[in-house]
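A.B. asks: Pasting a structure below so you can have a look.
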């Protein structure tokens with residue numbers, strides 16, 4: 001019996017922060033499980049990638065971000081971009097991929113431009129509720145735009161017909177805990193509060209949360225069990241602050257079991273980056289969301305608004321995130337557990353646990369049909385699984 005022909009090659013263009021890398025890793029795992037060949041193109045300045053991406057054939061090209069730089073630095077970045085695009089163009093001619101998928105950020109731009117100039121089918125994935133600047137540059141040059149949110153601003157008019165909502169792919173460790181029920185919270189039960197601040201923690205949480213704990217009624221404060229991520233320079237001060245008021249706190253600069261800790265929480269306090277929002281909604285836990293005020297295009301506020309609007313959490317702008325405001329909000333929420341339970345259900349209803357499969361269906365459809373619509377065979381196989 002003759003061997004079946006090898007499936008087409010898919011090139012992933014990704015690099016930079018976790019928000020751009022995590023969905024690429026999830027898509028790589030899904031496409032690999034379907035037998036597709038994969039290669040990764042990233043920028044030369046990026047470090048070694050872990051997980052499934054770290055196992056892929058990897059190519060590096062030059063790339064340069066332009067936003068927020070001076071005139072001379074911008075000129076140099078443009079030259080970097082031109083050189084990187086030329087490198088990527090020759091690379092794609094050699095690899096001959098069936099499709100190229102980009103995940104935003106400056107690291108993806110040279111490869112995606114090269115795909116457009118070489119006539120290679122291409123798609124981009126947008127993680128946030130506002131189209132990022134790199135993806136904005138590429139939106140009218142690709143066949144399909146996959147989005148994480150139903151409503152995404154800054155999409156060019158001519159590109160809107162090419163939008164498909166797939167959701168934000170998350171790590172398998174997140175989907176595994178989705179079936180865990182929201183923990184019961186009786187009037188005398190311990191209250192599990194989780195505080196996360198992105199990849200390195202958030203200084204404002206290290207200042208405001210301990211001060212808010214001081215203002216809570218002693219009976220409530222004695223029930224609270226805190227898991228908190230803090231920066232290395234903050235952690236000793238935070239430990240001392242909690243110790244002074246006898247609050248049970250598990251502090252670390254990094255947790256390798258974040259999904260489990262989210263699942264165990266009655267309430268989460270965190271930033272509102274794309275990965276955080278996807279994990280909260282996939283698992284189904286309510287959150288107080290404090291967008292990072294300096295995020296590009298204020299995209300974290302847009303992400304938080306999307307969760308707030310469906311009732312899955314509460315947005316507090318960073319300027320309004322004080323110990324008084326937080327203490328009042330915590331006291332009100334923990335006094336009426338039903339509010340937290342309803343918010344948990346609303347958050348879960350907004351989650352897309354099969355986002356990686358949906359994104360893979362889009363890629364397969366782009367290969368088969370040229371328009372990114374799901375291939376009926378792959379969708380049927382997934383539904384039957």
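The values are calculated or read from the model by the stated rules, or taken from the named source; none is laboratory data. Model, not experiment: these values are computed from the prediction. Cβ: placed from backbone, ideal geometry, glycine included. Neighbour counts: every protein chain shown.
A.B. asks: Can you tell me which residue within the stretch 154-175, out of those that are in contact with a helix residue (DSSP H, G or I) (Cβ under 7 Å, 6 or more places away or on another chain) and exposed (fewer than 15 other Cβ atoms within 10 Å of the Cβ), is farthest from residue 134 (Cα to Cα)?
C.D. replies: 173
A.B. asks: A further question follows. Is the stretch 239-246 home to any residue that is in the same structural domain as residue 214 (by TED's automatic domain parsing), within 17 Å of the chain's Cα centre (by Cα) and in a loop (DSSP other than H, G, I, E, B)?
C.D. replies: Looking through the stretch 239-246, none of the residues is in the same structural domain as residue 214 (by TED's automatic domain parsing), within 17 Å of the chain's Cα centre (by Cα) and in a loop (DSSP other than H, G, I, E, B).
A.B. asks: Is one or more of the residues making up the stretch 179-192 touching a strand residue (DSSP E or B) at 6+ places or on another chain (Cβ under 9 Å), at pLDDT 95 or above and surrounded by fewer than 16 Cβ atoms within 10 Å (Cβ to Cβ)?
C.D. replies: Yes - at least one qualifying residue is present in the stretch 179-192.
A.B. asks: If you check residue 261 against the conditions, is it touching a residue at least 60 places away in the same chain (Cβ under 8 Å) and out of contact with any helix residue (DSSP H, G or I) (no Cβ under 8 Å at 6 or more places or on another chain)?
C.D. replies: yes
A.B. asks: Still on this model: Look at the stretch 331-362 and say how many of its residues are within 26 Å of residue 129 (Cβ to Cβ) and not in a loop (DSSP other than H, G, I, E, B).
C.D. replies: 20
A.B. asks: How many of the residues making up the stretch 208-240 are under 24 Å from residue 335 (Cα atoms) and surrounded by 13 or more Cβ atoms within 10 Å (Cβ to Cβ)?
C.D. replies: 18
A.B. asks: Another question, if that's okay. What's the number of the only condition in (1) in a helix (DSSP H, G or I); (2) without any contact (Cβ under 8 Å) to a residue 60 or more places away in the chain; (3) surrounded by 17 or more Cβ atoms within 10 Å (Cβ to Cβ) that residue 291 fails to meet?
C.D. replies: So residue 291 meets the others, but not (1).
A.B. asks: Turning to a different aspect of this structure: Select from the stretch 16-39 the residues that are in a loop (DSSP other than H, G, I, E, B) and under 13 Å from the mean Cα position of the chain (by Cα) and write down the one among them that is modelled with the lowest pLDDT.
C.D. replies: 17
A.B. asks: Tell me, which residue of the stretch 256-286 that is in contact with a strand residue (DSSP E or B) (Cβ under 6 Å, 6 or more places away or on another chain) and assigned to a loop (DSSP other than H, G, I, E, B) is surrounded by the fewest Cβ atoms within 10 Å (Cβ to Cβ)?
C.D. replies: Residue satisfying both the conditions and the ranking: 266.
A.B. asks: Name the single residue that is farthest from residue 110 (Cα to Cα) among those in the stretch 1-15 being assigned to a loop (DSSP other than H, G, I, E, B) and modelled with pLDDT of 90 or more.
C.D. replies: The selected residue is 7.
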